Amino acid sequence: MRSIPEMALGSTGKAIPLVGMGTAVYPFAPSETMIDCILTAIELGYRHFDSAALYQSEKPLGEAIKKAVELGLIKSRDELFITSKLWCSDAHHDRVLPALQNTLKNLQLDYLDLYLIHWPVSLKPGKYELPVNKDDLLPIDLGSVWKAMEDCQKLGLTKAIGVSNFSCKKLEELLQTASILPAVNQVGSERGLFIKVEMNPLWQQKRLREFCAEKGIHITAYSPLGAKGTLWGTDRVMECEVLKEIARETGKSIAQVCLRWVYEQGVSLLVKSFNKERIKQNLEIFDWELSAQDLEKIIQIPQFKGFPGVEFVCQTGPYKSLVDLWDGEI
Ligand code: A2P
């Protein structure tokens, strides 16, 4: 079993494993496949699992955790770092706590390690579907939704809270009203806020990384491989000639080059695979490094955002254009 590097976080009292497993797949994967792959991952050493109310992966993840304890792969759930997310149709002050309670019920857990606002947008309550119905889009009342997230943390239902798919500007807005700003920690100058964002060699997030480093916000990268083959993904990352060349020269796979690059940026990452060989391969990134020349070649790759979030843009909704959604940071 491989031991995965971790980063100590002041706010949670628990370290975050720097490589975790994503569970987003569309169409949704049959539960048995997902349970089986999560158990394999736990056996191989994965401890960080990312779920969301939207993904329909909470129940299988919960089943897999239960089985992993029964099988003795882990002593208790406390050895894991479990994240889930508040879907936009629950991004309303009075729906946050019930949504988290439902998530915990699905996962058969007493607490999450991290609960995130999935997107900076609300939808009319009641639906969990992709693509979203654009007529249901509503502006998010960030202050009151965040306050409800803070209450969840105070109740002990989640060790930490954060956001996903927020621009620097939206993070700034949040920091102005947030009351949970835990003490600065020597290790990572963590304020205890987390953000999950798309990040890979084709969408390097330089500006956001600088902003988060300055504010002490921990970044978790999703779609490190560009989420090839998904509704929201792009083939461009895995088909990138520069990455292919580096893979040839280093004797690694293109996926490993991507994952190693993200890891070397000092963030945690989530990679989704439901293939046992690839689940294993994706952990084999710790005993080698990219050369300075490789890093330079990657910096030069033209940038392309794989999942711009067009679903959340429409003339009658809160964001009229992608520029609005990302505050020009796209
Ligand atoms: P699969 O589940 O069949 O392995 P991301 O993590 O960027 O969202 O990318 C997920 C996509 O990349 C999935 O389609 C997954 O397919 C595929 N994938 C995961 N690991 C690898 C790998 N090592 N090599 C090639 N494709 C991979």
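None of the figures in this text is laboratory data; all of them are computed from the coordinates on show. Not measured: the values here are computed from a predicted model. Using ideal geometry, Cβ is built from the backbone for each residue, glycine included, and neighbour counts are taken over all protein chains shown.
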Report the local net charge at residue 122: Lys and Arg +1, Asp and Glu -1, summed over other residues whose C-beta lies under 10 Å from its C-beta.
-1
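So what's the back-of-envelope 222 nm ellipticity for the chain, counting only DSSP H runs of four-plus at -39500 (n - 2.57) apiece and dividing by all residues, rounded to 500?
-10000 deg cm²/dmol
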Could you run the Karplus curve 6.51 cos²θ - 1.76 cosθ + 1.60 with θ = phi - 60° over segment 121-129 and give me ³J(HN,Hα) per residue in whole Hz, x for Gly and Pro?
8, 10, 10, 3, x, x, 10, 10, 8
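Have a look at the DSSP beta bridges in the chain and tell me what percent are antiparallel, nearest 5.
15
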For residue 105, go through the lysines and keep the ones whose alpha-carbon is under 20 Å away, minus same-chain ones fewer than eight residues off.
59, 66, 67, 85, 127, 154, 159
